[in-house]
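Structure, as structure tokens:
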Amino acid sequence: MPEPPRPCPRAAGWRRYGDLAELLAGATERTELPEVPGKSGATLERVMIGGQGYVLKHLDLAEDWTMRASGCLRGAPLVLWERGLLARLPERGGCALLMHDVTPWLVPATDAPIPLAQHARFLRHMAALHAEFWACGSEFDVVPVMHRYLELSPWMATAEAAAGSPHLVPRLVAKGWPLLAEVAPAAAAVVTPLAHDPGPLVEALAATPQTFVHSNWKLDNLGTDDAGRTVVLDWEQPGRGAPLSDLAWYLAINCRRLPQSKEASITAYREALEACGIDTGPWWERQLALCLLGALVQFGWEKALGGYDEELAWWETNAVRAAALLS
């Protein structure tokens with residue numbers, strides 16, 4: 001029997017407010033932030049309280065398609081806070097989330113590659129996060145693995161279209177999945193069935209090491225503060241899962257802006273994880289292959305929209321190679 005979730009102490013000074021009016025009672029300034037990189041449907045405001053700048057994120061089930069896709073209908077950040085998990089992060093950095101304004105530290109929203117030193121730091125800190133929560137318990141099951149692999153699936157696109165969703169990403173997902181069979185039939189033969197039913201992939205991954213994963217290490221969510229710590233935003237899809245799923249997502253979604261090859265990045269992460277005391281020998285190759293396959297299950301639609309290029313060919317090769325691990 002799995003152990004029941006155990007309560008965790010919350011960070012000192014953290015407080016849950018009764019409603020939004022109570023939270024903002026001392027606000028002297030509120031400004032909507034319309035031009036932000038996020039595509040979930042969540043709305044952001046910059047607020048001033050007691051002379052301190054904050055960002056207020058509104059998570060509304062009716063407006064945020066990622067909340068609906070995750071199945072965590074109260075909002076994953078709220079569940080993380082209630083379980084005390086945010087306070088346990090290393091070097092810790094329908095609901096509303098009030099956050100410190102870290103805008104000056106975020107990765108600029110451009111098309112330029114990020115500096116190699118920052119990329120290497122992100123990989124080290126990703127590994128440190130995973131090592132901190134290695135073999136974590138059921139209290140970390142916030143968004144299930146199955147839901148994370150269905151987030152960008154044809155099912156999501158169909159459901160959002162039926163609901164009249166105005167958001168761009170579900171429409172692109174609906175366009176991209178059929179296109180994959182045209183531009184990369186070998187990849188489509190492997191990943192399209194899994195995009196409809198990730199069960200075989202989820203089952204295979206469950207037999208490999210698990211930790212706490214953020215699940216959205218895209219550069220729009222990352223930054224570096226003045227002390228060299230990594231800022232990680234958008235805790236909407238966290239949960240217990242394979243550590244290399246975070247790495248694979250990072251490589252897939254940030255492919256145009258990485259300053260080194262995927263192979264070199266994978267090696268850098270592995271070295272960082274081993275430096276944290278994790279023995280990668282017994283499980284690495286199997287989990288890596290499955291997670292690279294999983295990334296194409298999540299992003300096959302997006303890679304297809306770019307046509308058959310070197311990027312899609314790389315993912316196709318790895319997906320086809322990993323298919324044998326599912327049988």
### Query
Which of the residues that make up the stretch 283-327 are modelled with pLDDT under 95 and basic (Lys, Arg)?
none
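State the number of residues belonging to the stretch 291-314 that are aliphatic (A, V, I, L, M) and within 17 Å of the chain's Cα centre (by Cα).
Qualifying residue count for the region: 5.
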### Message
Restricting to the stretch 265-279, name every residue that is open to solvent by less than 40 Å² (accessible area, probe 1.4 Å) and either modelled with pLDDT under 95 or assigned to a helix (DSSP H, G or I) (or both).
### Response
SER265, ILE266, ALA268, TYR269, ALA272, LEU273
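Any idea how many residues of the stretch 104-120 are open to solvent by 70 Å² or more (accessible area, probe 1.4 Å) and in a helix (DSSP H, G or I)? It would help to see each step written out before you state the result.
Of the stretch 104-120, the ones open to solvent by 70 Å² or more (accessible area, probe 1.4 Å) are 104-105, 108-109, 111, 113, 115-116.
Restricting the remaining residues to those that are in a helix (DSSP H, G or I) gives 104-105, 116.
Of the residues in that region, 3 qualify.
Table: residues versus (1) small (Gly, Ala, Ser); (2) not in a helix (DSSP H, G or I).
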| site | (1), (2) |
| --- | --- |
| TRP155 | no, no |
| ALA161 | yes, no |
| PRO166 | no, yes |
| VAL169 | no, no |
| ALA174 | yes, no |
| ALA181 | yes, no |
### Query
Quick check: is even one residue across the stretch 200-207 within 19 Å of ALA128 (Cβ to Cβ) and open to solvent by 10 Å² or more (accessible area, probe 1.4 Å)?
no
### Query
Out of the stretch 146-167, which residues are closer than 15 Å to GLN237 by Cα, open to solvent by 30 Å² or more (accessible area, probe 1.4 Å) and of a type in the set (A, V, I, L, M)?
MET146, LEU150
### Summary
Scanning the stretch 291-322 for residues that are touching a Ser or Thr at 6+ places or on another chain (Cβ under 9 Å) and either farther than 18 Å from ALA189 by Cβ or open to solvent by less than 10 Å² (accessible area, probe 1.4 Å) (or both) gives CYS291, GLY294, ALA295, VAL297, GLY300
### Task
Would you point out which residue out of LEU194, LEU288 is crowded, with 23+ Cβ neighbours inside 10 Å, assigned to a helix (DSSP H, G or I) and not charged (D, E, K, R)?
LEU194
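Each row is one residue, and each column tells you yes or no for (1) part of a loop (DSSP other than H, G, I, E, B); (2) acidic (Asp, Glu).
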| position | (1), (2) |
| --- | --- |
| GLN260 | yes, no |
| GLY281 | yes, no |
| GLY294 | no, no |
| PHE299 | no, no |
| GLU311 | no, yes |
### Summary
The lone condition ASP246 fails out of (1) modelled with pLDDT under 95; (2) of a type outside the set (S, T, N, Q); (3) crowded, with 21+ Cβ neighbours inside 10 Å; (4) under 15 Å from ARG124 (Cβ atoms) is (1)
### Message
Quick check on my filter: what residues within the stretch 208-242 are among the small types (Gly, Ala, Ser) and open to solvent by 20 Å² or more (accessible area, probe 1.4 Å)?
### Response
ALA227, GLY228
## Note on the structure
Here the qualifying pairs (Cβ atoms under 6 Å; residues six or more apart or on different chains; first in the stretch 126-148 and more than 12 Å from ILE278 (Cβ to Cβ); second of a type in the set (A, V, I, L, M)) come out as VAL142/ALA76; VAL142/VAL79; VAL143/ALA76; VAL145/VAL202; MET146/VAL202
### Query
Is it the case that the stretch 123-140 has a residue that's farther than 26 Å from GLY228 by Cβ, assigned to a helix (DSSP H, G or I) and of a type in the set (A, V, I, L, M)?
no
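The values are calculated or read from the model by the stated rules, or taken from the named source; none is laboratory data. Given the structure is predicted, the values throughout are model-derived calculations rather than measurements. As a convention, Cβ positions derive from the backbone with ideal geometry for all residues, glycine included, and neighbour counts pool all protein chains shown. Note: areas computed on protein heavy atoms with side chains; ligands, DNA, RNA excluded. Shrake-Rupley method; radii C 1.70, N 1.55, O 1.52, S 1.80 Å.
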